[in-house]
Amino acid sequence: MKKRILEYSITSGACLLLAFIIATLFGIFQYKEDFRIYGAWCDGFFISGFFCLAVGLLLFVHNCGFFDIIVFGIVSFFKMLFRKKNKYDSYYDYSVARAERPKAEFLYFIVVGVVFILIALIFLYFWAKATGNI
């Protein structure tokens, strides 16, 4: 349980730091108007949430074995190029060995990414209300 809390805390903290940096770069401390501040926060939370969600989805695809043939081909090429013995004789041997390895955790990236995108949607609502678009 403590490991899960630590994973979510570190991921949320990194995304929050990235959102703050992005909002600062978009000029959150320079503006006095509410709609510009809401827009900067919306951009910061959306971009950081999108990156976190993308990492989680890439880990999910990696766990499914989508990139295995590409990795096997690149490793085999460089082993052949430097005249080193390849650990696996065929792709089948590599895929069987790969299936025995533990899978990477990805759910906390997806959850944190979706939460940050939802927070960005809340700031988008405030932005639209401040500009009179609603």
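Data table
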{"read-out": "Extreme residue, modelled with the lowest pLDDT, among residues of region 93-134 that are within 30 Å of Gly73 (Cα to Cα), surrounded by 17 or more Cβ atoms within 10 Å (Cβ to Cβ) and hydrophobic (A, V, I, L, M, F, W, C)", "value": "Phe106"}
{"read-out": "Ile22 loosely packed, with under 15 Cβ neighbours inside 10 Å and on the phi < 0 side of the Ramachandran plot", "value": "no"}
{"read-out": "Gly44 vs. criteria surrounded by 14 or more Cβ atoms within 10 Å (Cβ to Cβ) and either among the aromatic types (Phe, Trp, Tyr) or at pLDDT 95 or above (or both)", "value": "yes"}
{"read-out": "Subset of region 48-92 that is loosely packed, with under 13 Cβ neighbours inside 10 Å and among the basic types (Lys, Arg) - its residue that is nearest to Ser12 (Cα to Cα)", "value": "Lys87"}
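The values are calculated or read from the model by the stated rules, or taken from the named source; none is laboratory data. Computed from a predicted structure; not experimentally measured. Cβ coordinates were reconstructed from backbone atoms using ideal geometry, including for glycine residues, and neighbour counts include every protein chain displayed.
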